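The values are calculated or read from the model by the stated rules, or taken from the named source; none is laboratory data. Because the structure is a prediction, the values reported are computed rather than measured. Don't worry about glycine lacking a Cβ; one is built from the backbone with ideal geometry, like all the others, and counts go over all protein chains shown.
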Amino acid sequence: MTTTQSSNADIEMRQLPLDFRHGGHTIRLRHLASDDGNALLEFGRRQPNEDLLFQERDITNVADIGDWIHESEAGRIRSVVAEENQQIIGYATIERGRLRWTRHVAEIRVMVDVSARRLGLGHILLGLAFESALTDDVAKIIAQMTPDQVGARKIFERLGFVEDAVLTRHVASSDGELHDLVVMRFDTKQRLICEECGQPVLTLIPMQGKQLCWACYEILDHELGAG
C-alpha cells in the first residue's frame, strides 16, 4: 500500500512504495522493477559525462542495464528508484562484495538527475541504501566518487563516512583524461545510534540533552529557529 508524506526524516525501506512530497514535487520511491530498462536508459543518457565516470556499470548501455535488473531480481543488488511523472529521476544501490574475502564489504551508489538535485533526494536515497546495508550486517560500507563531486561527499560525511583513500589517475573519461577517485568508508562496528530517529551513524551531535544524527539536528535546529 502506498503512503504519502511531506517529511523525509523517517522514510524507511519497509515503507516502499511511498510518495514523497517536497517543494511542489511528488516523487515516488520504490524498488527497481523488471520493466524499468527503458526508463533507466533514458535517465543515464540525460546525465553529464563527468557524473558517469565513477559508475561501475555503463547506465547508457542496454546490455549493462539488463545485467543490473537481472542482478537486482536475483537479490544480489538492492536497488531503489525515485520516479516523477513516470520518469526515473534518481536511484540508489547497495551491493556486497562477491569474493569470499570481500563479503563483509558493501558498496553504495547513488545518482540523482541533474534536474532534481536541490530537492534533498540524494540524501533520502542514500539513507535508504545505508539502512539496507546495515540490515545485511556488513562490517564496512564504501562509496566512490571523484574529488569534484563536493555535494555527494558532504552527504556521505553527514552520515558518518570518512575518507579511506584517494586513488590517483584511477578513472578515465571518454576523452582519455585521467581523474582521481575518492573512496569513503563507514565502519559499522563504530556506529552510534541517533536518540531521535534511531538511525545508526558514525558521529552524533549533542542538542537539548540528546545525541542526534545530522538530519535530526537540522530539523530541530530549524524548528527552534522558526519558533
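Do we have Glu157 as in contact with a Phe, Trp or Tyr (Cβ under 9 Å, 6 or more places away or on another chain) and assigned to a loop (DSSP other than H, G, I, E, B) here?
Details: in contact with a Phe, Trp or Tyr (Cβ under 9 Å, 6 or more places away or on another chain): yes; assigned to a loop (DSSP other than H, G, I, E, B): no.
Judged against the criteria, Glu157 is not a match.
Residues that are modelled with pLDDT of 85 or more and buried (at least 17 other Cβ atoms within 10 Å of the Cβ): list the strands (runs of 3 or more DSSP E) wholly contained in the stretch 160-227 that include at least 2 such residues.
Details: elements: 162-172, 178-187, 205-207, 210-212.
Once the strands (runs of 3 or more DSSP E) in the stretch 160-227 are filtered for at least 2 residues that are modelled with pLDDT of 85 or more and buried (at least 17 other Cβ atoms within 10 Å of the Cβ), what remains is 178-187, 210-212.
Looking at the structure I just gave you, is Gly122 touching a Gly at 6+ places or on another chain (Cβ under 8 Å), closer than 20 Å to Ile27 by Cα, not acidic (Asp, Glu) and not in a strand (DSSP E or B)?
Numbers: touching a Gly at 6+ places or on another chain (Cβ under 8 Å): yes; closer than 20 Å to Ile27 by Cα: yes; not acidic (Asp, Glu): yes; not in a strand (DSSP E or B): yes.
Yes; evaluated as a whole, the condition is true for this residue.
Conditions first: (1) surrounded by 15 or more Cβ atoms within 10 Å (Cβ to Cβ); (2) over 26 Å from Val80 (Cβ atoms). Val138 passes all but one, so which condition is the exception?
So the condition that Val138 fails would be (2).
For the stretch 90-104, check the following and say yes or no: at least one residue is over 21 Å from Ile59 (Cα atoms), touching a helix residue (DSSP H, G or I) at 6+ places or on another chain (Cβ under 7 Å) and not in a loop (DSSP other than H, G, I, E, B). Working first, answer last.
Applying the first criterion (over 21 Å from Ile59 (Cα atoms)) to the stretch 90-104 yields 99-104.
Now drop any that are not touching a helix residue (DSSP H, G or I) at 6+ places or on another chain (Cβ under 7 Å), which leaves none.
No, every residue in the stretch 90-104 fails to be over 21 Å from Ile59 (Cα atoms), touching a helix residue (DSSP H, G or I) at 6+ places or on another chain (Cβ under 7 Å) and not in a loop (DSSP other than H, G, I, E, B).
Identify, from the list Val138, Val110, the residue that is in contact with a helix residue (DSSP H, G or I) (Cβ under 8 Å, 6 or more places away or on another chain), closer than 26 Å to Gly160 by Cβ and part of a loop (DSSP other than H, G, I, E, B).
Val138
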